[in-house]
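Okay, so here's the structure we're looking at.
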Amino acid sequence: MNSSAATTRRGSEIGRFIRLHWPVLTARLPEKFSFFQGKADGVVEGFCAPELWPNRWIHSRGGSLFASDQTVPERYSACGIQGRGGSEYVFAFWREGARRFSFYDQYVVHGLKEAASCQKTAERLEAALVRWKRGDPLVVFSGPWGWFDPVTGDFERDHQVLPGEFGKFYQELVARSRAEISRRANETPSGSASGAGEADAFNALIARYRSGTADLEVAAGAAALLPGLAPIPRAACVLLALLTSFRAGDARRARQWAVRLNQAARGTDLPGIPSQQLNGAVMIEEQDLAPIIQSLAAMDQPAAGTQEEREAIQSLLAQYQKNKTRFPLPCPVAPVSAERTGPSPAVRLPIGTGIGSERGDRRRDTLPGLPPKVAYGILFGFLALVLLIFAYVFSFP
């Protein structure tokens, strides 16, 4: 049998095995797809369409890379099997527009049947699909690490505390895994979202938000972009997802984003509506907080959502109202061009300087603490009284 025939036969075997245990994975493949074989932390065999071998993402933390990799086509699907000697894993990746799905789980450990099974993996896959079907913009599950949170950039079990030497080994493993993710991220081709690419991708998302015509797509795009952003633009991106979800009528998702925003930033670090991201972590934000406050106030419903969501919304609302008082909109200090449209960038003036305020700009030529009309009234009244006194005194012979 020649190599081409052997490859075709092997592809058929892999396809039958996946269809037998996790049929939804092969069902997502289009009519035309490619079979690939290779090595990526073990022997990998699977299918993809279009032809983009997913080897960079086929490991226990690879879903976090897939979530922000800008080389992934908008319509992409891949699934397959990874053999790592003593165990085997099933993997799946797909993208639909701005939404992404990643699944990686161990289904067999040779010599330890109780440790894993195709049925247990099918149950975990079903849990991931529940999140996908309810509309989550980003679903990433890893059997060894749990669910991935794009806001914090952590997996569910990253901060698990275990006793003794095993606990120390576990934390070292997490640190090594994160270092490996960072190394692989630096190998991303130039077209990916890194550095200026991240800023360009976020600015494109901001432009779509300002157009007001694709709120659900903007919310999904924000979720996909989060893992690749630095903390400051990441918080602004969470705010963008919150506002667009609420504006699109998805109040449940907006409440979830409120919880994440409340965790990502506090006080004066809370973002305004993003206007532009410069290269790196520099953000230009709109100064008007009213749209944010109005959305949060409308979301603050006593019977809506969980206790955690309600507390997060109330906390954000109080903090943004405080920020609005602390950083009032400055008066214009220069003529504004008639050609300029849209809100001006955020300008937070130092407290107590009087810059841009009525009291700081006015000459101090009136009585301290009194309005000009009152001060001049008192002055003229005093002069009139003096004249009356003189007239009375000199009226006597």
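Annotation: amide H of S275 within the under-5 Å range of I284, E285, E286, sequence separation 5 or more or interchain, hydrogens built in the peptide plane. The ranking of R61, R28, R19 by Cβ neighbour count inside 10 Å, starting from the fewest, reads R19, R28, R61.
The calculated FRET efficiency for I293 paired with R75, based on their beta-carbon distance and R0 = 41 Å, is about 0.60.
Taking other Cβ atoms within 10 Å as a rough exposure proxy, C79, C237, C48 sort from fewest to most as C48, C79, C237. In this label model, E311 and V43 are separated by 5.2 nm, measuring between points 7 Å along each Cα→Cβ vector. Volume per residue for the range 3-158 equals 116 cubic angstrom (convex hull of Cα atoms).
Within the set of other residues whose C-beta is less than 13 Å from the C-beta of S12, count the net charge using Lys and Arg as +1 and Asp and Glu as -1. Spelling it out: positives minus negatives among the neighbours equals +2.
Between L29 and any residue 5 or more places off or on another chain, the built amide H atoms are never under 5 Å apart. Compute the FRET efficiency between A248 and W53 as 1/(1 + (r/R0)^6), taking r as their Cβ-Cβ distance and R0 = 35 Å, and round to the nearest 0.05. The formula returns an efficiency of 0.50 here. The phi torsions of the range 301-311, fed into the Karplus equation with coefficients 6.51, -1.76 and 1.60 and a -60° offset, translate into couplings of 10, x, 9, 9, x, 8, 4, 4, 5, 5, 5 Hz, rounded to whole numbers, with Gly and Pro shown as x. Close amide H partners of D154, meaning residues 5 or more places away or on another chain with modelled amide H under 5 Å apart, are D149. Put in order of Cβ neighbour count within 10 Å, fewest first, the listed residues H159, H21, H59 become H159, H21, H59. Sequentially through the range 83-96, phi angles give Karplus couplings (6.51, -1.76, 1.60; θ = phi - 60°) of x, 10, x, x, 8, 9, 10, 10, 9, 8, 9, 7, 9, 10 Hz, Gly and Pro residues having no value and appearing as x.
Here, each number is a calculation from the coordinates, and none is a lab measurement. These figures come from a predicted structure and were not determined experimentally. Heads up, the Cβs are rebuilt from the backbone with ideal geometry, glycines too, and the neighbour counts pull from every protein chain shown.
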